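The values are calculated or read from the model by the stated rules, or taken from the named source; none is laboratory data. If you're wondering where the values come from, they're calculated on a predicted model, not measured in any experiment. Cβ placement follows ideal geometry from the backbone for every residue including glycine, while neighbour counts extend to all protein chains displayed.
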Amino acid sequence: MQRVVKSVGVEVIEVTKGDIGVPTFLADSGECVDCQSKKINLCSNFPFKTSHWMPRSETSRFRNLEGEVIYHFALVSSFSEYTVVDIALLTKIDPTIPPNRACLLSCGVSTGVGATWRIASVEAGSTVAIFGLGSI
């Protein structure tokens, strides 16, 4: 699901208000040895977990009208109209890319392409057949 960035925190420099972004449940700190490696797509600074908190602060940014905590879902809460995500969980998208293509970057690329390039070692220009079950 492609989203327009509505606002950013004071320390965020990777995106600005109005940018197009895709939330992804696999973080990329860009700093750890895993993020800089060509062999893995799992960030060791922000390992995947089914937490209902923001990854850096272990808190929720959501409240209901009574002020009670509303938990995050899969770190990005992408089923909601608005969400708050850590920059490590947002991929900036070129605005010329159609939304029905950009949305594939969320979990389709992180699992399908990652497995194809990094595990199966498929090279550019190769022809492959992929058999599987499920939505990815």
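Take the residues in the stretch 93-113 that are outside any helix (DSSP H, G or I) and modelled with pLDDT under 80; name whichever of them is farthest from G21 (Cα to Cα). If you could, list the steps in order and put the result at the bottom.
Of all residues in the stretch 93-113, those outside any helix (DSSP H, G or I) come to 93-98, 106-107.
If we keep only those that are modelled with pLDDT under 80 as well, we get 106-107.
Values: S106: 10, C107: 14 Å.
The residue in question is C107.
Please enumerate the residues belonging to the stretch 14-36 that are modelled with pLDDT under 85 and among the hydroxyl-bearing types (S, T, Y).
The one that is modelled with pLDDT under 85 and among the hydroxyl-bearing types (S, T, Y): T24.
Would you call G125 part of a loop (DSSP other than H, G, I, E, B), of a type outside the set (A, V, I, L, M, F, W, C) and either over 26 Å from S7 (Cα atoms) or in contact (Cβ under 8 Å) with a residue 40 or more places away in the chain (or both)? Let's see the steps before the verdict.
Working: part of a loop (DSSP other than H, G, I, E, B): yes; of a type outside the set (A, V, I, L, M, F, W, C): yes; either over 26 Å from S7 (Cα atoms) or in contact (Cβ under 8 Å) with a residue 40 or more places away in the chain (or both): yes.
Against the criterion (part of a loop (DSSP other than H, G, I, E, B), of a type outside the set (A, V, I, L, M, F, W, C) and either over 26 Å from S7 (Cα atoms) or in contact (Cβ under 8 Å) with a residue 40 or more places away in the chain (or both)), G125 qualifies.
Within the stretch 3-29, which residues are in contact with a Lys or Arg (Cβ under 7 Å, 6 or more places away or on another chain), among the charged types (D, E, K, R) and touching a residue at least 60 places away in the same chain (Cβ under 8 Å)?
Across the stretch 3-29, the qualifying residues are K6, E14, D19.
State all residues of the stretch 43-81 that are among the aromatic types (F, W, Y) and out of contact with any Leu (no Cβ under 9 Å at 6 or more places or on another chain); if no residue qualifies, say none. Lay out the reasoning, then the answer.
To start, the set of residues in the stretch 43-81 that are among the aromatic types (F, W, Y) comprises 46, 48, 53, 62, 71, 73, 79.
Result: F62, Y71, F73, F79.
If you go through the stretch 56-64 one residue at a time, do you hit one that is touching a residue at least 24 places away in the same chain (Cβ under 8 Å) and more than 19 Å from K39 (Cα to Cα)?
Filtering the stretch 56-64 down to residues touching a residue at least 24 places away in the same chain (Cβ under 8 Å) leaves 56.
Subset that is more than 19 Å from K39 (Cα to Cα): 56.
Yes, some residue in the stretch 56-64 is touching a residue at least 24 places away in the same chain (Cβ under 8 Å) and more than 19 Å from K39 (Cα to Cα).
Restricting to the stretch 1-55, give me the number of residues that are aromatic (F, W, Y) and loosely packed, with under 12 Cβ neighbours inside 10 Å.
Taking the stretch 1-55 and keeping what is aromatic (F, W, Y), we get 25, 46, 48, 53.
Going one step further and asking which of them are loosely packed, with under 12 Cβ neighbours inside 10 Å, we end up with none.
The qualifying residues number 0.
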